[in-house]
1. Looking at segment 241-262, which of the residues that are over 16 Å from I308 (Cβ atoms) and among the acidic types (D, E) is most open to solvent (accessible area, probe 1.4 Å)?
2. For I49, indicate whether it is among the β-branched types (V, I, T), open to solvent by less than 10 Å² (accessible area, probe 1.4 Å) and part of a strand (DSSP E or B).
3. Given the conditions (1) under 25 Å from the mean Cα position of the chain (by Cα); (2) part of a helix (DSSP H, G or I), which single one is not true for F152?
4. Quick one: which residue in S185, S162, S142, S192 is within 29 Å of A65 (Cβ to Cβ), in a helix (DSSP H, G or I) and either modelled with pLDDT under 80 or of a type in the set (S, T, N, Q) (or both)?
5. What's the number of the only condition in (1) open to solvent by 20 Å² or more (accessible area, probe 1.4 Å); (2) at pLDDT below 95; (3) farther than 22 Å from V275 by Cβ; (4) not β-branched (V, I, T) that R316 fails to meet?
6. Would you confirm whether any residue within segment 35-44 is modelled with pLDDT of 90 or more, under 24 Å from S169 (Cβ atoms) and surrounded by fewer than 19 Cβ atoms within 10 Å (Cβ to Cβ)?
7. Give me a count of the residues in segment 79-111 that are within 14 Å of L122 (Cα to Cα) and within 31 Å of the chain's Cα centre (by Cα).
8. For residues in segment 52-67 being in contact (Cβ under 8 Å) with a residue 24 or more places away in the chain and either open to solvent by 60 Å² or more (accessible area, probe 1.4 Å) or more than 31 Å from the chain's Cα centre (by Cα) (or both), which is farthest from L115 (Cα to Cα)?
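The values are calculated or read from the model by the stated rules, or taken from the named source; none is laboratory data. All values derive from a computational prediction rather than experimental measurement. Don't worry about glycine lacking a Cβ; one is built from the backbone with ideal geometry, like all the others, and counts go over all protein chains shown. Only protein heavy atoms, including side chains, enter the accessible area calculation; ligands, DNA and RNA are left aside. Shrake-Rupley method; radii C 1.70, N 1.55, O 1.52, S 1.80 Å.
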Amino acid sequence: LASLHRQVQEFDGLQRLSKLIVETDVLEDVIGESIKIVLGLVECEGLFIMLHDDDSNSLVARKPAVGVSSEVLERLSVPLSEPSLAATVFRTSTPLLSNEARNDAWVGPHLRELLDIDNILLAPISSGHKPFGILAAVNARSGQFEDEDLRFLSILGERVGSVIESTMSRERERDLMKQLREADSMKSEFVSMLAHELKGPMTTVMGFSQTLQEQGKDLPEDQRVHILGIINREVSRLSRLVNDLLDVSRMDAGTLRYELEPIDVREIVDSILQVHTSLRAGHGMEVEIPADLPKVVGDRDRVRQILINLLTNATRYSQDGTTVTVSGRAEDGKVVFGVADEGVGISPEDQERVFSKFAQIPRPGWTKKGTGLGLYITKGIVEAHGGRIWIESTPGKGSTFYFSLSRAD
């Protein structure tokens, strides 16, 4: 009779768990309802779920739980790199119990201290062959867990796994759809911006070349030289845009090549400021790179590209008459360079997004337009050199873009 009653309980519990698949799409709600159902079938004082975290390679407790406070749950994790009962259950997909938890070294002091365990029952949570978490029951109300409890919790763990996996799959699907919509929106904005960026110089080139074609013989020499200068400048602008697009394509395909050698960044900065006079046209330029600063390992042309992009960005987002400062310092086997402006600054929530492809950051009407690809390319080049790039900024007071490169000595 007792066995029949248990079978009825199992059937009822499994049915109720199955209904959760269609009743809710929120993972925390699914975990909470699953815990309530299992608690009605397994006589224990505490019940909680731990799911595998890829980043830390550990089992991490998930809210909500029964008989375990939120503060304890936040501290409850089991590293899979260390031997423990929970890790063994997860790795072997085998349910285990310990009725001597206070003296059982496999339970682990961390769990004993947090949960005040007398006995513990653990079952894998899975929706297939490989577990992705564990279901844990602690302190049996009868004084100890039985083998029948172990079998029962194992069955419940499989069904809970199916419910959680189904919910997580729907969450992943929703997140993916959101990302796809955002990517589609950004691409649409980028295509619109790109068309605008191409149209400007193309219209200028076509207009002035037509003027030369129709009136060239009648124009004074100085006007012809002036028009040719404008055409050359606009063609260079188109060339930079095309090169940016090619660089993005190569970076995404992993085919952008680098020729590494010891280079003096101060020499590159001086050369840029001498050749690219437009950078100095509306801004003061200060170079605070010590003469004895160590050389770095890098591709000369690509490091030059990093600096041009950052200097162009600094002048674009700061008003005429302000100063842009290039600095350098040696630090822990690296050399750190900074490009600081006195411009609009970047809000904390936008500081990571500025390095994204297609990202458009709100800006004042006086800022100069750009393709939006420069910082994405810059980040890719820095990271390909084994360095990193980051921002320190105060909205309304300016920004400093820092990047690090390895020392050559």
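1. So, considering only residues that are over 16 Å from I308 (Cβ atoms) and among the acidic types (D, E), the one most open to solvent (accessible area, probe 1.4 Å) is E259.
2. Numbers: among the β-branched types (V, I, T): yes; open to solvent by less than 10 Å² (accessible area, probe 1.4 Å): yes; part of a strand (DSSP E or B): yes.
Spelling it out, I49 is indeed among the β-branched types (V, I, T), open to solvent by less than 10 Å² (accessible area, probe 1.4 Å) and part of a strand (DSSP E or B).
3. Of (1) under 25 Å from the mean Cα position of the chain (by Cα); (2) part of a helix (DSSP H, G or I), only one is false for F152: (1).
4. Working: S185 fails: within 29 Å of A65 (Cβ to Cβ); S142 fails: in a helix (DSSP H, G or I); S192 fails: within 29 Å of A65 (Cβ to Cβ).
Only one candidate passes the filter, namely S162.
5. (3)
6. Residues of segment 35-44 that are modelled with pLDDT of 90 or more, as a first pass: none.
No: zero hits.
7. 4
8. Applying the filter and picking the extreme gives N57.
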